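Worksheet: one structure, shown below.
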Amino acid sequence: MTATTVTGPAALRLLGDDRRWRLLQELARTDARVGELVQRIGSPQNLVSYHLAQLRRAGIVSTRRSTADGRDTYYRLEVQRCGELLATAGAQLTPSLHLTRRRGPRRFTGPPRRVLFLCTGNSARSQLAEALAVHLSDGAVQARSAGSHPKPVHPYAVQVMAERGIDISTATSRHLDEVVDHPVDRVITLCDKVREVCPELPGATASHWSTPNPADAEEADRYDAFARTAAELEDRVGVLLDELSTPADEEDPDGR
């Protein structure tokens, strides 16, 4: 779907509606299905579907068919598009108002952040996410990954990471049972099927990123599918690290 042009006051009206804002808050935390959003914001399904359609037409949310149940659709927040609309509205009011996403090195204070990425085979998506989280945080995030039905790490996963200067050639897959007893702060499922069987991990905040398995692509398109998945996960991991980190220009309580 091609996003409609939304600028200035129209963008603020679109984002400022109470129900739409609450939907965006939920989708900023996790990809979700309509029924889940109905429960979380306490609005009738017809209204939730209407507002999601408005956001989708503007390109602020996008959809993917569930690989666990083809009758379900997952909605996700398009962070960059949302930021563009807010930035454009501010700039149209006055050039002194601008909004940019935080770039450059991130600063982490306090105890290490522990993140667990899960998918089915632990051969592609979760391996990519784990490697990106460690690399982009310069090791400040302790990331692990596992799968419900582990398979050897896919050669294309190794290749697309090598192109980003990240070596996962010695990475091995793990079963979900090997990691569930390890304490984590965030658990992120990348596979719709794994989300259905993932146990609740005490003390962990759970999120879902509905990410198609690039290994399921046709052979002629498979490498490109891995490259697209790596690019998507690099962006999503970047957003995650923004949430977990402290702004680089923010002083700590002791003024250091």
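The values are calculated or read from the model by the stated rules, or taken from the named source; none is laboratory data. If you're wondering where the values come from, they're calculated on a predicted model, not measured in any experiment. Don't worry about glycine lacking a Cβ; one is built from the backbone with ideal geometry, like all the others, and counts go over all protein chains shown. When the accessible area is computed, the model is the full protein with side chains, heavy atoms only, and any ligands, DNA or RNA have been set aside. Shrake-Rupley method; radii C 1.70, N 1.55, O 1.52, S 1.80 Å.
Before moving on, here are some points about what is shown:
- Probe 1.4 Å - accessible area at Arg236, Å² to nearest ten: 30
- Share of pairwise Cα separations in the range 127-197, more than 14 Å, in percent: 63
- Values of log10 I(q)/I(0), in the order q = 0.08, 0.16 Å⁻¹, for the chain under a Debye, Cα-only, solvent-free model: -0.35, -1.31
- Burial ranking of peptide ranges 146-152, 221-227 (average Cβ count within 10 Å, highest at the top): 146-152, 221-227
- The heavy atoms of Arg64 offer some 70 square angstrom of accessible surface to a 1.4 angstrom probe.
- By the Stokes-Einstein formula, at 0.890 mPa s and 25 °C, the range 18-101 with its Kirkwood radius over alpha-carbon pairs has D equal to 179 µm²/s.
- Ranked order, Glu232, Glu163, Glu218 - accessible area, probe 1.4 Å, largest first: Glu218, Glu163, Glu232
- As an equivalent ellipsoid, the range 1-149 spans semi-axes of 30, 24, 13 angstrom, where each value is the square root of five times an eigenvalue of the C-alpha gyration tensor, largest first.
- Each of Glu78, Glu200 has its accessible area taken with a 1.4 Å probe; listed largest first, they run Glu200, Glu78.
- Unmatched cysteines, the chain - criterion: no other Cβ of a Cys under 4.7 angstrom: Cys82, Cys198
- Average projection, convex hull of the Cα set of the range 137-254: 9.1 square nanometres.
- Across the protein chains, with a 1.4 Å probe defining accessible surface, the residues His208, His175 rank His175, His208 from largest area downward.
- Since only Tyr223, Pro111, Leu24 are under comparison, the one whose Cα sits farthest along the positive direction of the charge dipole of the chain, derived from C-beta charges on Lys, Arg, Asp and Glu, is Leu24.
- Only Cα pairs under 8 Å and 6+ residues apart enter the sum, and on that basis the relative contact order of the chain stands at 18 percent.
- When nucleic acids and ligands are ignored and a 1.4 Å probe is applied, Thr94 ends up with an accessible area of around 40 Å².
- About the Cα centre, charge dipole magnitude for the chain (Lys/Arg +1, Asp/Glu -1 at Cβ), debye: 640
- Our summary gives the range 102-196 a relative contact order of 37 percent, counting only alpha carbon pairs under 8 angstrom and 6 or more residues apart.
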